[in-house]
Every structure is written in C-alpha cells, then in structure tokens.
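Visitor: Dropping a structure here in structure tokens format, bear with me for questions.
Just so you know, all these numbers are worked out from the coordinates, no wet-lab data involved. These figures come from a predicted structure and were not determined experimentally. Methodologically, a virtual Cβ is constructed for each residue, glycine included, from the backbone with ideal geometry; neighbour enumeration extends over all protein chains shown.
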C-alpha cells in the first residue's frame, strides 16, 4: 500500500503511531523537528520540500493538552506557508471535544474555538477518531472525517470468544454508540444509570438496566481519564451477578491514579487503542493496546486516491 507524492509528518505526541501508519503505507515518516525553548515556546521546522505535495500531520492533542494543540497549529501553519498543495490534520484524539456546548452561564465553547484555530492556521481537512460529540464536525468549514475504532476493537473481542457476552453502555449518553457495538457483536445491550454530581471524578451508578446475571459484561466507551466510571460500573455489574467484566475504550487518556483503580477493580482486562502514547502513567498488565494505525493508513490512502472514507465501515453507524 504505497502512496506517491504524499508526506506524513509526526507531531511530538504521536511519534510511534505515525511510524506505524507509515509502515502500513510503505513510506518513511517525513523529516521535521520540534524544539521547546526554555521559557516554554514551541518551535517547529519542516525539513522536507513540501511544495505542491499533499501532506499529513499526525498529532494527538493531549499530555500536555495546550502545548500539543499549539504545536499542531504551528505544524499546519508551517506546512501551509511552505506551499503544500493540501494539509490534512490527523488528530487521533481531539482533547477539547467535550467542550461542544454552552451548558452553563459564561463558559466557552472550547471545541468551536479549536476548530476555528485549526482552519485559520491553514488546514484543508481533518481526520479524527470517535469524537466525543459528533456534532463538532459542524464546527468546521473544511471536511472532517470522524472515523470509528469499532472494527478493530470488535475484531479483538471476537478473537477472545467470550461466553454469554452482553455489551454495557456506561451511561445514557453513550447508548447509541453502544448499540453499534452490540449489533456488531450480535449481543444484547445493558445500560448503567449513572450520574456525576459535580465537575470531579466522583461517579454514582444507581442501577444497571438490563439482564447481566451470569453473563460476561463488556463496557464500551469513547474515552476514560480517571477510570472512575469504568470501575464503578464494573463493581455494580459484578454485584448484579455478572460472571466477568471487560472494558473496551477508544481513547485511554489515563491520568495519575487511574492505573491503581483499574488494578484494584473487578475488570479482567481493558482494551484501548494507541491514539494516545504520552500518558503520565505506565500501562498495567490489565491493559491491552489495539493499534488503529491500519485504520488511519487506509483513511489516508482513500483520501489520496479520492475514494470513499465512509466505505471503510461495513455498516453505517446506527
């Protein structure tokens, strides 16, 4: 799968993922450098001739979030000013996706601000994965491809051949996405009735809606930060009679304290993708990485050859 006249650059937060994507495509990562000066300023330099070429920059915007996002903007600007024919931002994890609405007085719609900045910097297209709020695509005036990790995660779960599987949504807001997983796996669906009383990591699971007794429960979600929700739901599932509990999450953000919670929890295993590689924690034996490099590589190939990106998914999201 080799593509011509295309360069793929790695942001400093996605070095390993970019290398894996390039390996799938049969190319080498393009040359560039990132320097952080002593006062915290970020400097990027393109070390390839990009004039008239289609270029891609791969950068997850997390750890540290604001520095990572600014670096992405500088990459886009540098590539655009170097006369690239097109600049596509591959953002495996878009960290401000939760800021998609004004649900309190006097707050910023952060995702919209980020979208405006990416456009102004000179980006022609955005490719991302499992946006927390899909409506963010409408914040952009450039094309946005929101890919789904479902095929690669479902394939891994299928390989395990878990008995009496039931998919569990961690809250009411994720039911629609969880239903896609249940449909793909051919299982029933249960829902955790959860509330988060404040802007902190405290989660209260009031009940599990659905039959989980004697079954292998699979919690699915788009991301986890503290792992509090996963752990609380897992504990409630076991108390309601589930024989075993697994979890499958696209973005393993994983802040300090999350690994200890996972290790002490009833979770048998947590599957996450490699969208984030700069967590401030070391992954435990309970966590398994599933690579989305082939998925992103195929998306790049299809964009390059002007094929349908949505055609990558066998069935459209419900």
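Visitor: What does the extension gain come out to for residue 66 and residue 281, with contour length at 0.36 nm per residue minus their alpha carbon separation?
Guide: 75.5 nm is the gain from fully extending residue 66 to residue 281.
Visitor: In percent, what relative contact order does region 150-290 have, based on Cα pairs under 8 Å that are 6 or more apart in sequence?
Guide: 20 percent
Visitor: Want the number for residue 120 to residue 31: 0.36 nm per residue separation, take away the alpha-carbon distance, what's left?
Guide: 29.6 nm
Visitor: What full-extension length gain, to one decimal in nm, is calculated for residue 85 and residue 291 as 0.36 nm per residue of separation minus the Cα-Cα distance?
Guide: Extending this stretch completely gives an extra 71.2 nm.
Visitor: Another question, then. In nanometres, what is the gap between the two model label sites at residue 308 and residue 107, each 7 Å from Cα along Cα-to-Cβ?
Guide: For the pair residue 308/residue 107, the computed spacing is 3.8 nm.
Visitor: Taking springs between alpha-carbon atoms closer than 10 angstrom, which of 163, 266, 29 fluctuates most in the Gaussian network model of the chain?
Guide: 163
Visitor: Classify the chain as rounded, prolate or oblate, taking a ≥ b ≥ c as the square roots of the eigenvalues of its Cα gyration tensor: rounded when a/c is under 1.5, otherwise prolate if a/b is larger than b/c and oblate if not.
Guide: The shape class here is prolate.
Visitor: What order do you get for 28, 164, 298 when you list them from fewest to most C-beta neighbours inside 10 Å?
Guide: By the 10 Å Cβ count, ascending, the order reads 28, 164, 298.
Visitor: If you fit an axis through the alpha-carbon atoms of helix 293-304 and take the longest principal axis of the Cα set of the chain, what angle between them do you get, 0 to 90°, nearest 10?
Guide: Relative to the chain, helix 293-304 is tipped by roughly 40 degrees.
Visitor: Another question, if that's okay. Measuring from label point to label point, each 7 Å out along Cα→Cβ, what is the residue 16 to residue 263 span in nm?
Guide: The answer from the label model is 1.8 nm.
Visitor: Tell me, what is a quarter of the convex hull surface for the C-alpha atoms of region 1-131, in nm² with one decimal?
Guide: Mean orientational projected area (region 1-131, Cα hull): 8.7 nm².
Visitor: For a quick check, take a GNM of the chain with Cα springs below 10 Å and name the residue from 229, 187, 305 with the largest mean-square fluctuation.
Guide: In this elastic network of the chain, the residue with the biggest mean-square fluctuation among 229, 187, 305 is 305.
Visitor: Could you identify which residue out of 41, 49, 193 has the top mean-square fluctuation in a GNM of the chain using Cα springs shorter than 10 Å?
Guide: 41
Visitor: Counting just the Cα atoms, what span does region 60-118 cover along each of its three principal axes? Round to the nearest Å and put the largest first.
Guide: 42, 21, 16
Visitor: By how many degrees, between 0 and 90 and to the nearest 10, does the Cα long axis of helix 150-160 differ from the longest principal axis of the chain?
Guide: With rounding to tens, the tilt is 50 degrees.
Visitor: Once you have all Cα-Cα distances for region 223-318, histogram them in 5 Å bins from zero and send the whole-percent values.
Guide: 2, 12, 20, 18, 14, 12, 11, 7, 3, 1, 0
Visitor: If each DSSP helix of 4+ residues adds -39,500 (n - 2.57) and the sum is divided by the residues in the chain, what number results at 222 nm, nearest 500 deg cm²/dmol?
Guide: The per-residue figure over the chain is -9000 deg cm²/dmol.
Visitor: Sequence gap at least 6, Cα distance under 8 Å: using those rules, report the relative contact order of the chain to the nearest whole percent.
Guide: In percent, rounded to a whole number, it is 14.
Visitor: Here's a follow-up. Calculate the length of the line joining the C-alpha centroid of region 1-68 to that of region 275-314, in whole Å.
Guide: Computed from Cα coordinates, the inter-centre distance equals 16 Å.
Visitor: Where the Cα atoms of region 150-290 are projected onto their three principal axes, how long is each span, largest first, in whole Å?
Guide: If we take the Cα atoms of region 150-290, the spans are 36, 35, 25 Å.
Visitor: What does DSSP give for the chain in terms of the percent of beta bridges that are antiparallel, rounded to the nearest 5?
Guide: 20 percent
Visitor: Quick check: Cα centre of region 139-184 to Cα centre of region 208-243, how many Å?
Guide: With region 139-184 and region 208-243 each reduced to a Cα centre, they are spaced 15 Å.
Visitor: Something else now. For helix 228-239, report the angle its Cα long axis makes with the longest principal axis of the Cα atoms of the chain; keep it between 0 and 90° and round to the nearest 10°.
Guide: Long axis of 228-239 versus the principal axis of the chain: about 30 degrees.
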